[in-house]
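The values are calculated or read from the model by the stated rules, or taken from the named source; none is laboratory data. Note that the structure is predicted; figures quoted are calculated from it, not measured. Here the Cβ is made from the backbone with ideal geometry for all residues, glycine too, and neighbour counts use every protein chain on show. Protein only, heavy atoms only, side chains kept; ligands, DNA and RNA dropped before computing areas. Shrake-Rupley method; radii C 1.70, N 1.55, O 1.52, S 1.80 Å.
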Amino acid sequence: MEYKYLNRIDSPADLKQIPIDELPEVCAELRNFIISELSKNPGHLASSLGAIELTVALHYVMNTPTDNLVWDVGHQAYAHKILTGRRDRFSTNRKFHGIAPFPTPYESEYDSFIAGHASNSISAALGMAVANPGVHTVAIIGDGAMTGGLAYEGLNNASMIDSNLLIILNDNNMAIDPIKGGITQYLVDITTSKTYNDWRYRMYTILKQLGIMNDIRKKRVQRFHNNMKAILSKQHRNIFSGLNLRYFGPADGHDVKTLVKILQEIKDYRGPKVLHLITQKGKGYGPAEADQTIWHAPGKFDPETGQRQIAKHSKLWQEVFGETLLKLAEKNESIVGITPAMPTGCSMNIMQKVMPARVFDVGIAEGHAVTFSGGLAKAGKTAVCNIYSSFLQRSYDNIIHDIALQKLHVVLTIDRAGIVGQDGATHHGLLDLAFLRPIPNLMIAAPMSAQDLEKMLYTAVEKVNGPIAIRYPRGAAALEPGTAEWQVDSSRWQVLEPGKGRKLKDGKQAAVLSIGAIGNACREAIADLDIAHYDMRWLKPLDTAILDEAAQYPVVYTAEDGILKGGLGSAVAEYFAAKGYTSKIVMIGVNDQFVEHGTPDELYHMLGMDAEGIRATIMKG
C-alpha cells in the first residue's frame, strides 16, 4: 500500500520535516499500517494503537537516538519501531529471525533499554538521566505498569535527584485485563483544568524570559504551583506533586499537535517531571476499542470486518488449570485464587466468574501476589497463586522469605513454563526449575498430560500441607495415550505421591528421564528404540528409586523444558556423583543462553528439543 507520509519516513529526522499541522495524517497512516500488518502477522495491537500520537510527538520533539526513550512493557512500541527504520521489516515482527517483539538495544540504537516486563522504565531512565545529564531522558510507562512496586521505588528515588528525567504516564486504565485497585481509581480522579495549565505555562515562560528563574525561585514557584493546583482542582496534592515531581496534566494523549506543544514547552524544565496523558487502548479501531482485553493480542483478523480467525484447538494447559480449579473450589471452600493481572491469560477468570469474592486480581505485582498468598495461607486459606514463569522471577525473595521459610500452604501454579514462542527472550519460562530447586521446603512438580495436571492440582490443594509449585507450558495440553479429549472429571482424581514418578516404557540399552510436557516428545523419539523411559513428575523430591534403577544403564538421558544448569539433569548428576554411579549422563534442554523469538516448533527444533532432535541426540549415544 502506498502511504503519503510513512513511505518517506525512515528515521525521526524525516518525521521532523513534516509540518506540525500534518502530523494527524501521519498518525492515521501509522494506525492503518499497524492494523493491516497485525491482521496478517499477529502481535500486540490495542496498546500500540493507543500510543501512536504520543510516539509521533516524542520523536518529533526529542532528538532521538541521542535523547533516550525508555519504554515500559513494550506493548506500546510498534509505532516507535516503524518510525525508527524498521518499517520495511515490520512484517517480520515476532517471527523467527525477524525483528524482536519488544524494544531491545540489540536491535536498534533507538531502543534505549530492554522492555518486556513491567514497571522498570522509571528506574532505568533515572539511571540514564543521572549518568548523562546533557540529554533528555523519557520513561514511558503505561499498560498497568504503575501497579508494580518498582515504579514507586523509581519515583521515590527520582524525587531525591535533580535529573533531566521526564516520566510520561500513558494512562489507559488497562493492562491485558482492566486494571484493579486504588491506584487506578486515583489516576482517574486526578483532574487539572486547562485554564490552570495555560496560566502556569505563561507564568513560567515570562519568568524565564526575564531571567529571574534561578533554582531557589523555581522551587518556590513549584510549591506555589502545587498549592494552586490543589485549590483549582479541589483536591489534595497528588502523589507526584507530593514527591516534588513537576506534574503536568492530565492531557489528551490523542491530540498530537497539542502533545508536541506541551513537550516543546516542558522538555527543558530542569528537574524530574511527570506528564500524565489519558489514552484509549485500541484507539481508532472500533473492535479494539469495544473489547480491549481480546484485542490486546487478537491473533489474525479481517481488518475490514474485525472478524477474528479463531483456530479450533484441544484444551489449553491454562484451561485445564482453570476448569479444574473451579471444580476443586466448589468442593473446598478454603480455596482462593490469586493472579497478578492475568485472570484471562491463566484462565482463573473461569473461577472468577462463578466465585468473584474468592479470586483476587492484584495487578502487575508478582511479589505482592506471592506474599499476599502467604498471608491468606497463614490465616487458614488454601491459596492458589498463578503466575507466568518469566514473571515469577520477580517474586523470588517473596517465595523464599514469605512462603517457604514458614512452610505455608501456597500452591504456586506456574503458567507459560518452557518455550512460549513469539514473545521471545523476556517471556520464555526457562529458569523456574533451576531457581526453585534450591529453596528448602518447596515441592516442585510438572505434568506430562492434562490428566496429570488435574491430579497434581488435587494433590496440591487437598493432600499437601506446605508450599508446592506446579509448572506447565503454553499451548494445547497433551493427553494420555488412548484419550481423544479432556474434560474435568473429579472421579479420576487421585493423589500423586510426592517424589514418585512412573515408568512409561521398558528398554535395555539406555534410560530416558523426563519431567513435564517434554516427555511427550521423548515418547515419540524413542517409540521404536530399545530404551526405557521414566516420567519423573517431581523435581523435588526426586524419585531416588527410579534414579537407582536408571543407574544400571550405561547411558542415562535427562530431558527438561528449561535451562540445564540447576534443573533435572543437574539434580540427577548430583545424585549419581554422591552415590558413586558411573553411568554416562547426557542432558537435553537449554544450554547457557537466552532464546530468541519464533514459533515453539521452530525454537524446539533449533534447540534439539523436539522429537527429531531428541532422537538424534540419543542415536549419537
Practice item. Give me the accessible area per residue for the chain, probe 1.4 Å, as a whole number in Å². Key: 40
Point to revise | Principal axis dimensions, largest first and in whole angstrom, of segment 246-338 by Cα | key: 59, 42, 18
Revision key, fill the gap. Restricting to Cα pairs under 8 Å and 6 or more apart, the percent relative contact order of the chain works out to 12
Exercise for review: Mind jotting down a quarter of the surface of the convex hull over the alpha carbons of segment 1-145, in square nanometres, one decimal?
Suggested key: 8.3
Study note, to complete from the structure: Quarter of the surface of the C-alpha convex hull for segment 447-493, i.e. direction-averaged projected area in nm², equals 3.7
Review point. So what is the relative contact order of segment 314-420, in percent, for Cα pairs below 8 Å that sit 6 or more residues apart?
Key: 26
Check your understanding: In percent, how large is the relative contact order of segment 327-379, given Cα pairs closer than 8 Å and 6 or more residues apart?
Key -> 35
Point to revise | Sequence ranges 581-587, 257-263, 426-432, ranked by mean other-Cβ count within 10 angstrom, highest first | key: 426-432, 257-263, 581-587
Practice item. Please provide three numbers in whole Å: the alpha-carbon extents of segment 89-160 along the principal axes, with the largest listed first. Key: 43, 31, 13
Check your understanding: Can you pull the Rg over Rh of the chain, Cα-only, Kirkwood?
Key -> 1.02
**Study point:** Accessible area of the chain belonging to carbon and sulfur atoms, whole % at 1.4 Å probe
**Key:** 52
Review point. So for segment 348-432, Kirkwood radius off the Cα pairs, Stokes-Einstein at 4 °C and 1.567 mPa s: how many µm² s⁻¹?
Key: 96
Exercise for review: Provide the gained length on full extension for the span E289 to I239, in nm with one decimal, where the gain is 0.36 nm per separating residue minus the Cα-Cα distance.
Suggested key: 15.1 nm
Check your understanding: Which distance in Å, rounded to a whole number, links the C-alpha centroids of segment 330-386 and segment 112-137?
Key -> 33
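Give me the compactness ratio for segment 273-428, meaning the Cα radius of gyration over 2.2 N^0.38 Å.
1.18
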Check your understanding: Put I364, I294 in order of accessible area, largest first, 1.4 Å probe: what do you get?
Key -> I294, I364
